[in-house]
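To start, the structure itself, in structure tokens.
The values are calculated or read from the model by the stated rules, or taken from the named source; none is laboratory data. All of these numbers come straight from a predicted model, not from anything done at the bench. Cβ sites come from the backbone with ideal geometry, for glycine too, and all protein chains shown count toward neighbours.
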Amino acid sequence: MKISELFHKEIIVTNLEAENREEVFRVLYKKLLDNGYVKESFLEGIIKRENTFPTGLLLNNYNVAIPHTDAEHVLKPAIAVATLSKPVIFKNMANPQEDVNVNIVFMIALNESHSQVEMLQQLVELIQNESFLNSILNAKGGDEVIETIKNYVVFGKID
């Protein structure tokens, strides 16, 4: 499965105003739940996993978090996205004692644990591209985010 097939406009929130990571989690979880992607247990699974295995990634200009949890909490695969109006603090994946001011959250919901590594690899490839992150952050809604992702994944538009 291509990563571009996991993004859907109804689970994308642009310019989200959130005070903390839990608020971001709740907003994305609600979108995933309301659209039939996850079980009610998903939110608790995300929070528990994030507390044990932080997902903040310190990149160049924009920092990203990629929270995810076990496949048992997922009904059908998807990646929810939130671009943040102001950064929210996550713990650093590489150094859990360090805070990371995150600009974009990609919440991964996969119903097959073996597909997680492959999807993470594809996502990491995308988020390492500065112009991709800039385009996502400047998108004016779910349709623009989807278009940007397809341009980068399908057409290989990586500068």
Quick one: is Val145 touching a residue at least 60 places away in the same chain (Cβ under 8 Å) and either more than 22 Å from Gly36 (Cα to Cα) or surrounded by fewer than 16 Cβ atoms within 10 Å (Cβ to Cβ) (or both)? no
Taking into account only those residues within the range 71-87 that are of a type outside the set (A, V, I, L, M, F, W, C) and part of a strand (DSSP E or B), which is surrounded by the most Cβ atoms within 10 Å (Cβ to Cβ)? Thr83
Kindly provide the set of residues from the range 88-117 that are in contact (Cβ under 8 Å) with a residue 60 or more places away in the chain and either within 16 Å of Asn20 (Cα to Cα) or surrounded by fewer than 17 Cβ atoms within 10 Å (Cβ to Cβ) (or both), ordered by number. Val88, Ile89, Phe90, Val102, Val105, Met107, Ser115
Unmet criterion (only one of (1) polar (S, T, N, Q); (2) modelled with pLDDT of 95 or more; (3) closer than 25 Å to Lys150 by Cβ) for Gln116: (2)
Any idea which of (1) within 24 Å of Phe132 (Cβ to Cβ); (2) hydroxyl-bearing (Ser, Thr, Tyr); (3) touching a His at 6+ places or on another chain (Cβ under 9 Å) is the one Ser41 doesn't satisfy? (1)
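Could you check how many residues of the range 89-114 are within 18 Å of Arg49 (Cα to Cα) and either assigned to a helix (DSSP H, G or I) or β-branched (Val, Ile, Thr) (or both)?
7
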Of the conditions (1) modelled with pLDDT of 95 or more; (2) charged (D, E, K, R); (3) surrounded by fewer than 14 Cβ atoms within 10 Å (Cβ to Cβ); (4) under 28 Å from Asp34 (Cα atoms), Arg49 clears all except one; give me its number. (3)
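State which residue is farthest from the chain's Cα centre (by Cα) when the search covers only the range 115-159 and only residues that are of a type in the set (Phe, Trp, Tyr) and in a helix (DSSP H, G or I).
Residue satisfying both the conditions and the ranking: Tyr152.
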Of the candidates Leu33, Leu28, Leu43, the one satisfying the condition of being closer than 19 Å to Glu144 by Cα, assigned to a helix (DSSP H, G or I) and either free of Cβ contacts under 8 Å to residues at least 12 places away in the same chain or of a type in the set (A, V, I, L, M) (or both) is Leu28
Looking at the structure I just gave you, is Phe90 aromatic (Phe, Trp, Tyr), more than 24 Å from Gly36 (Cα to Cα) and modelled with pLDDT under 95? no
Would you confirm whether any residue within the range 54-70 is aromatic (Phe, Trp, Tyr), part of a loop (DSSP other than H, G, I, E, B) and surrounded by 18 or more Cβ atoms within 10 Å (Cβ to Cβ)? yes
